[in-house]
1. Evaluate Rg over Rh across the stretch A:38-196, taking Cα atoms for both radii and Kirkwood's formula for Rh.
2. Could you state the angle between the C-alpha long axis of helix B:231-241 and the longest principal axis of the C-alpha atoms of chain B, as a value from 0 to 90 degrees rounded to the nearest 10?
3. Taking the Cα centroid of the stretch B:166-208 and of the stretch A:198-233, what is the distance between the two, rounded to the nearest whole Å?
4. What percent antiparallel are the DSSP beta bridges of the protein assembly as shown, to the nearest 5?
5. Rule-of-thumb check for the stretch A:146-288: C-alpha Rg over 2.2 N^0.38 Å?
6. So what does the Cα-only Debye profile of the protein assembly as shown read at q = 0.05, 0.06, 0.07 Å⁻¹, as log10 I(q)/I(0), no solvent term?
7. Other chains' Cβ within 10 Å of A:124-131 residues: what's the mean?
8. At 7 Å along the Cα-to-beta-carbon direction for both residue B:34 and residue B:115, put a label point, then send me their distance in nm to one decimal.
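Just so you know, all these numbers are worked out from the coordinates, no wet-lab data involved. All values derive from a computational prediction rather than experimental measurement. Cβ sites come from the backbone with ideal geometry, for glycine too, and all protein chains shown count toward neighbours.
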């Protein structure tokens, strides 16, 4: 999808090794959040009650233009994490740096400017202002910035056009369906040209079909805008479909961070294994992933050119790197037993054989048993 | 041991009178001036002119034919009962009391909504103000402002403020937390969130509060007749004192008519924001169309020039 996916190397290596993007845009170190229930002590004074650790020592880095998914069930602290990135929730300890700036040290005015111009948010229940028309909703961020009416309305109209609502700019949110409302939420975050989008389970409240549409819309928009997106979800299929990298959370702790492939191939603990078992691997794995893993062999074959040429040159169907195995299976069904994989620059990434596809789709335990003599 | 809260209350009033008497005199003078002005206008104008105005307001705010006809007929009844001057005096007192109560109550409600501490302090005070038998307010009011219209208005204000504060606070607090979060996440200042998000969305609740303030004020006005506030209260008190059932009933009927009118008109005004919004949308729509038309006409126009 994005270039970051192709630069990833090992599975278990630290974040530095995974992201060899120049400089991580968002750098989060040892982030923790303890919520205290306020308890009455006397008539007026309130005392801190016992604490509840919502987020426990979480570190991660997000590269520019990356979709970073925070995945976890409810209560895993995922929503708290993204709210700490724009300080809707204050941090108990740790540090957050965005583009080299210390977010936790921002003064109130700087914080408002940072929220307005750098980091916008899309909400689970859309967070649209019911008393404002779509255009006023979308231009809210620019109004906060003090942009004049004509400019901000032009910008808002443009943003609404991008999400396919260009003809409904004067409608009220209540007139729209859930999917359309979230398009407005997305347009509102696009209108400000903020580099970072925080998306808090943006598609969870939508019907499955609409959710699929919205995921495709996000992928399409991301291709053009290359925003840095921190995306929260409890749906691993969604996480693997959208995410360049995925951070799995459980009870406030980070369990594993990696690409979809890494989570599938090397789940760090039984919790993730259980999750992964539910995932439809054929829709997550792509031809490009298999081709890159067999890449070493292919490059080897290239180096030993005569050996490659010695093979009978049979015509093989070609597919794009982003083709899911689900689609590749269709190609095999049509009679081929291997496909040639090309990236967007029409460079060959190597071949993927039917056997490799079956091996990738087979649940792990069967694969290892079969390997035994 | 005998505690004497009544004595303390009296002592507090004496103390206030001794040191702040000038302050209460100033307020009394000011309020008298305003009420006098309003009453002069309402009574000075020809009854039919005032009725036409009141019916017109009802028609515009509620867009209900029924209410317009009803108010026309019932105000005519008041005139024919010979209670027009008293009714207008009462309307004047209610208007002044309500305006002052709203000017005090709505900001207090906003403050309470934004600050939990203020809310905690206000709650028992409002409870006390509402639960205290209304006659009790008249005693200190007479001490502070003497006999007449002003103590009536003062007692009316104290009695009628609570719903204004409460419903304003509730309207703002009820707001979906995600909306507040959304506005904050886009970098809005608290003042902008208040004026651009919280108050517009709390408007129906605030108007319900104003409606309640008016109703309480009207109910208090009769009681205020006991301290010589005049108007319909005076008529009713007179009827009671002289055991004149006819007079008392007529005074009461006029109060009821005024109450129904004010209630329907102010609850109708709650939809005013909706009307205003629709009008704005229509205007924007027309503007967009006009723009499209001028854009289309732009080329031939330059050719003509």
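1. So for the stretch A:38-196, dividing Rg by the Kirkwood Rh gives 1.04.
2. 30
3. Computed from Cα coordinates, the inter-centre distance equals 28 Å.
4. Percentage antiparallel, nearest 5: 60.
5. Details: Rg = 17.4 Å, N = 143, 2.2 N^0.38 = 14.5 Å.
Computed over Cα atoms of the stretch A:146-288, the ratio equals 1.20.
6. For the protein assembly as shown at q = 0.05, 0.06, 0.07 Å⁻¹, log10 I(q)/I(0) is -0.41, -0.55, -0.69.
7. Shielding by partners across A:124-131 averages 5.
8. Simple spin-label model gives 2.4 nm for this pair.
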